[in-house]
Amino acid sequence: MTAPVFRFAPSPNGELHLGHALSALTNQRMADGCGGRLLLRIEDIDLTRCTLEFEAAILRDLTWLGMRWEEPVRRQSEHFGAYAEALDRLRREDLVYPAFMSRGEIRAAIVEHEAGGQHWPRDPDGAPLYPGNDRRLSMRQRSERIDAATPFAWRLDTAAALSRLKSRIGWREWADETMSASEAIFADPLEWGDVIIARREIPTSYHLSVVVDDALQGVSHVVRGRDLYFATSLQRLLQDALGLPQPTYFHHRLVLGPDGRKLSKSLRDTGLDALRQAGETPQSVRSKLGLQ
């Protein structure tokens, strides 16, 4: 019988904090509990924000916590070719389109729409959906704009992808860490609209690279925070569109700050290194997280 495969996949664009520690340790506990394997993946497709210094800090923090993972570590920046192949498949099947609208044009379209008293739809994260005007461009018009070096991004034609499915999109969600019970979750990827799948200069996005990596690495159990719960519907749609296997999922609780929001690297919430320097130990970190 094949052992379950888990993965912890941080981005080296800042220091790990208690929220990352909870996710890493939860993956370790669940993998150990079922005799599974744990992989470490560095999600560094953002070449402008991800650095080798932050990657080294991640490895140092995880080692300090007592984490164990299989080698070699997969770095997404070394596998753009795999993501480009997946993008090409979506292009051949006409499931993505080049989107040329600038941020200013998007804002103008939304303002004009809402000026008439109509609410513009938002995705589960609260961001306005893409208008999708360029979905209606002809192939000739698209080629002319691309040849003219007009900036664009590849966006998923979500409605078209859904129309090709033979059944409703969904996934299996574990009820808790024990994995003693699961339930079927049905999702609506249309809530996300036509999301960016790749950019002209980088042939991937978070959503595309994560489903490709999970498939190539044989990940069977995706364990991550509740903040990514709704994104699962979109990733399940991509898995089906690309003919990739479907993992089971567990979205664990989040670590919240004193103000009630989830911890964030971008807001410079206290990192594990600072906690270590202040005298915290791996055991005290586990205690803070309620993992003792």
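The values are calculated or read from the model by the stated rules, or taken from the named source; none is laboratory data. Not measured: the values here are computed from a predicted model. Quick reminder, even Gly has a Cβ in these numbers, built from the backbone with ideal geometry, and neighbours come from all protein chains shown.
Here are the numbers for this structure:
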| item | result |
| --- | --- |
| When residues of region 170-216 are limited to those that are outside any strand (DSSP E or B) and hydroxyl-bearing (S, T, Y), the one farthest from L291 (Cα to Cα) | T204 |
| Subset of region 43-97 [touching a residue at least 60 places away in the same chain (Cβ under 8 Å), more than 15 Å from H207 (Cβ to Cβ) and either in contact with a Lys or Arg (Cβ under 7 Å, 6 or more places away or on another chain) or assigned to a loop (DSSP other than H, G, I, E, B) (or both)] | L47, W64, G66, W69, R74, H79, E93, D94, Y97 |
| Subset of region 242-292 [part of a helix (DSSP H, G or I) and either on the phi > 0 side of the Ramachandran plot or of a type outside the set (S, T, Y) (or both)] | L242, L272, D273, A274, L275, R276, Q277, P282, Q283, V285, R286, K288 |
| Every pair of residues 6+ apart whose Cβ atoms lie under 6 Å, when the first sits in region 146-157 and is closer than 23 Å to R89 by Cβ while the second is at pLDDT below 95 | F152/R200; A153/R199 |
| Filter result for E177 (surrounded by 13 or more Cβ atoms within 10 Å (Cβ to Cβ) and either without any contact (Cβ under 8 Å) to a residue 12 or more places away in the chain or within 30 Å of Q28 (Cβ to Cβ) (or both)) | yes |
| Positions within region 229-250 being closer than 14 Å to P124 by Cα, in contact with a strand residue (DSSP E or B) (Cβ under 7 Å, 6 or more places away or on another chain) and polar (S, T, N, Q), in sequence order | T232 |
